[in-house]
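Trainee: Once you've had a glance at the structure underneath, I'll fire off some questions.
The values are calculated or read from the model by the stated rules, or taken from the named source; none is laboratory data. Just so it is clear, the model here is predicted, and its values are computed rather than measured. Cβ sites come from the backbone with ideal geometry, for glycine too, and all protein chains shown count toward neighbours. What goes into the accessible areas is simple: the full protein's heavy atoms, side chains included, and nothing from ligands, DNA or RNA. Shrake-Rupley method; radii C 1.70, N 1.55, O 1.52, S 1.80 Å.
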Amino acid sequence: MTTLAAHGAAFARATAGFGPDAPVVLCHDDADGLSAGALLARALARAGRSPGPVRVIGRGASPWSAPIRDELAARRPGGLVVTDLGVQAGAILPGIPTVLVDHHVPRSWPDPSEATVISGHADTPIPTSSLLALACATALGASEDLAWLAGIGLVGDLGERRAGSDFPDIMGPLRKAHTAKALREAVSLVNAPRRSASGDATPARRLLLRATGPADIVGGTDPEAAALQAARAEVKAALDAARSVPPLFAGPVALIRCASPCQIHPLVAQSWTGRLRRQVVIGANAGFRSGYVHFAARSAAVPDLITFLQERAPALGPDDQFAQGHRRATGGQVRVETWNRFVAGLGFGPEAQVP
């Protein structure tokens, strides 16, 4: 049995233990998370376990928080499927069967009584959450026509080149059926709402739950498709402005600062890695949330950015999130005072600090 097939079989066993009421799917708001959420919701519906509306977890929110727990309790779900939102100890909703489908480095491991974990972080190559979701969907029944959703997540998280080299059996047929250009364009549009100032991924979620392929996203004329186009234009304008800011350098780190209500710091960091191939590039956004600096780290030279940041971590407060995500795509959100300690420790001067 292949690793992905084993993940799918574990998912099928776990969901068989759900209660009679409708399950709830929770997902992250980026292209991989939204695609994984849509895949799992559509597969559950086909298997006769139609979930309620997919709950997207966006900026600063956590499925392990008290507000989300209260919200879920009011829905009285028969089970929870949580994807692309990390893995950690603790019950999201005590007493409710829960499955975590994820590929990030776990923050901690839940007790088996708290959740079943379908994790790809130790696989080689590491699958995206949407690829894990496709394996889970396949274990529930026919899902070939939903494979394009996994393609959206793969390109969104890994980029087209790496997705194709790591998972040629998936990406090869998808490129033939839908074209690489359509997949790239769909990823750009699906990611745009969460990166806009509003951060509302609802239009992308709705499209992914009903679309038959990337063409419905790229060439759609309904209000949701129009909302994605408008969000992308907003993000592009903010990104163009941020790209004009020159980087600061300290040792192996290049820092690019911006102050935007749009979530552009990962794009800023990624855009500089081609030119600064020896550095760890950090895009830092002091305008995304009041009192915080959100940052993203990318590098063409350092394969484990989580370890790189952890070795240079400042003293963290209870509200700080630091070095989370993937080994090659990580970052965090920290209070301004934590950020200022962090950049000072890296060797930057006052010009890198936030007032």
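Trainee: Considering only Ile256, Ala122, Ile306, whose Cα is most displaced toward the positive end of the charge dipole of the chain, charges sitting on Cβ of Lys, Arg (+1) and Asp, Glu (-1)?
Mentor: Ile256
Trainee: Which FRET efficiency value, to the nearest 0.05, do you get for Ser165 and Ser50 by plugging their Cβ-Cβ distance into 1/(1 + (r/R0)^6) with R0 = 45 Å? Show your work: numbers first, answer last.
Mentor: On the way: r = 37 Å, r/R0 = 0.82.
After rounding to 0.05, the efficiency reads 0.75.
Trainee: Could you check the simple spin-label distance between Arg13 and Ala259, using points 7 Å along Cα→Cβ, in nm with one decimal?
Mentor: 5.5 nm
Trainee: Quick check: residue separation of Thr202 and Asp111 times 0.36 nm, minus the Cα distance between them. What number comes out in nm?
Mentor: 29.5 nm
Trainee: Can you give me the orientation-averaged projected area of the convex hull built on the Cα atoms of region 31-104, in nm²?
Mentor: For the Cα atoms of region 31-104, the hull's average projected area reads 5.0 nm².
Trainee: Sort 189-195, 317-323 by the packing proxy (mean of other Cβ within 10 Å over each peptide's residues), most packed first.
Mentor: Put in order of decreasing packing, that is 189-195, 317-323.
Trainee: Given +1 on the Cβ of Lys and Arg, -1 on the Cβ of Asp and Glu, and no further charges, what dipole in debye does region 261-317 carry about its Cα centre, rounded to the nearest 20?
Mentor: Values: 6 positive and 2 negative charges, 40 e Å.
Around 200 debye, computed over region 261-317.
Trainee: Using a probe of 1.4 angstrom, how much of the accessible area of region 19-79 is carbon and sulfur, in percent?
Mentor: 53 percent
Trainee: Also: May I ask you to evaluate 6.51 cos²θ - 1.76 cosθ + 1.60, the Karplus curve with θ = phi - 60°, for each residue of region 305-318 and list the ³J(HN,Hα) values in order in whole Hz, giving x for glycine and proline?
Mentor: 6, 4, 5, 4, 6, 4, 5, 10, 5, x, 5, 9, x, x
Trainee: Where does each of 327-337, 21-31 land if you order them by average Cβ count within 10 Å, highest first?
Mentor: 21-31, 327-337
Trainee: Accessible area per residue for the chain in Å², computed with a 1.4 Å probe and the full protein assembly in place, what is it?
Mentor: Dividing the accessible area of the chain by its residue count gives 41 Å².
Trainee: Work out the FRET efficiency for Ala250 and Arg289 from their Cβ-Cβ distance, taking R0 = 25 Å, and round it to the nearest 0.05.
Mentor: The formula returns an efficiency of 0.55 here.
Trainee: Obtain the radius of gyration and the Kirkwood radius of region 178-242 from its C-alpha atoms and give Rg over Rh.
Mentor: On the way: Rg = 11.3 Å, Rh = 11.7 Å.
My calculation of the ratio gives 0.97.
Trainee: Give the whole-number value, in cubic angstrom per residue, of the convex hull volume spanned by the C-alpha atoms of region 204-255.
Mentor: 112 Å³
Trainee: When ranked by the protection proxy of mean other Cβ atoms within 10 Å per residue, highest first, what sequence do the peptides 90-99, 293-302 form?
Mentor: Going by the mean number of other Cβ atoms within 10 Å, highest first, we get 293-302, 90-99.
Trainee: At a temperature of 20 °C and a viscosity of 1.002 mPa s, determine how fast region 238-300 diffuses translationally according to Stokes-Einstein, using the Kirkwood radius over alpha-carbon pairs as Rh; express D in µm²/s, rounded to the nearest whole number.
Mentor: Values: Rh = 11.3 Å.
The estimated diffusion coefficient comes to 190 µm²/s.
Trainee: Right, something else. Between Glu144 and Val336, how high is the FRET efficiency from 1/(1 + (r/R0)^6) when r is the Cβ-Cβ distance and R₀ = 56 Å? Nearest 0.05.
Mentor: So, using R0 = 56 Å, E works out to roughly 0.70.
Trainee: Counting only residues 5 or more places away or on other chains, whose amide H sits under 5 Å from the amide H of Thr330 once H atoms are built in the peptide plane?
Mentor: Result for Thr330 returns Ala297.
Trainee: In whole Å, what is the distance between the alpha-carbon centres of region 295-310 and region 9-68?
Mentor: 30 Å
Trainee: Which value, to two decimals, describes the C-alpha radius of gyration of region 41-184 once divided by 2.2 N^0.38 Å?
Mentor: Dividing the Cα Rg of region 41-184 by 2.2 N^0.38 Å gives 1.10.
Trainee: 7 Å from Cα along Cα→Cβ at both Glu351 and Arg76: what's the point-to-point distance in nm?
Mentor: Reported label-point gap for Glu351 and Arg76 is 6.2 nm.
Trainee: Kirkwood Rh, Cα Rg: Rg to Rh for region 144-266?
Mentor: 1.03
Trainee: Let me ask something additional. If you plug each phi of region 299-304 into the Karplus form 6.51 cos²θ - 1.76 cosθ + 1.60 with θ = phi - 60°, what whole-Hz ³J(HN,Hα) values come out, in order, with x for Gly and Pro?
Mentor: 7, 8, 10, 9, x, 10
Trainee: Pop out the carbon and sulfur fraction of the accessible area of region 89-246 as a percent, whole number, probe 1.4 Å.
Mentor: It is 55 percent, rounded to a whole number.
Trainee: For the chain, what is the convex hull volume of its Cα atoms per residue in Å³?
Mentor: With only Cα atoms used, the chain gives 130 Å³ per residue.
Trainee: Region 228-348: D in µm²/s via Stokes-Einstein (Kirkwood Rh, Cα pairs, 10 °C, 1.306 mPa s)?
Mentor: 111 µm²/s
Trainee: Pick out the long, greasy-scoring helices in the chain: whole DSSP H runs spanning 30 Å or more along their own axis by Cα, mean Kyte-Doolittle at least -1.0.
Mentor: Values: long enough: none.
Span-like helices here: none at all.
Trainee: Please state the charge dipole magnitude for the chain, taken about the Cα centre, from unit charges on C-beta atoms (+1 on K and R, -1 on D and E), reported in debye and rounded to the nearest 20.
Mentor: Taking the Cα centre of the chain as origin, the dipole is about 560 debye.
Trainee: Here is a further query. What distance in nm separates the simple spin-label points at Ala241 and Ala91, each placed 7 Å from Cα in the Cβ direction?
Mentor: Going by the 7 Å Cα→Cβ label model, 4.7 nm.
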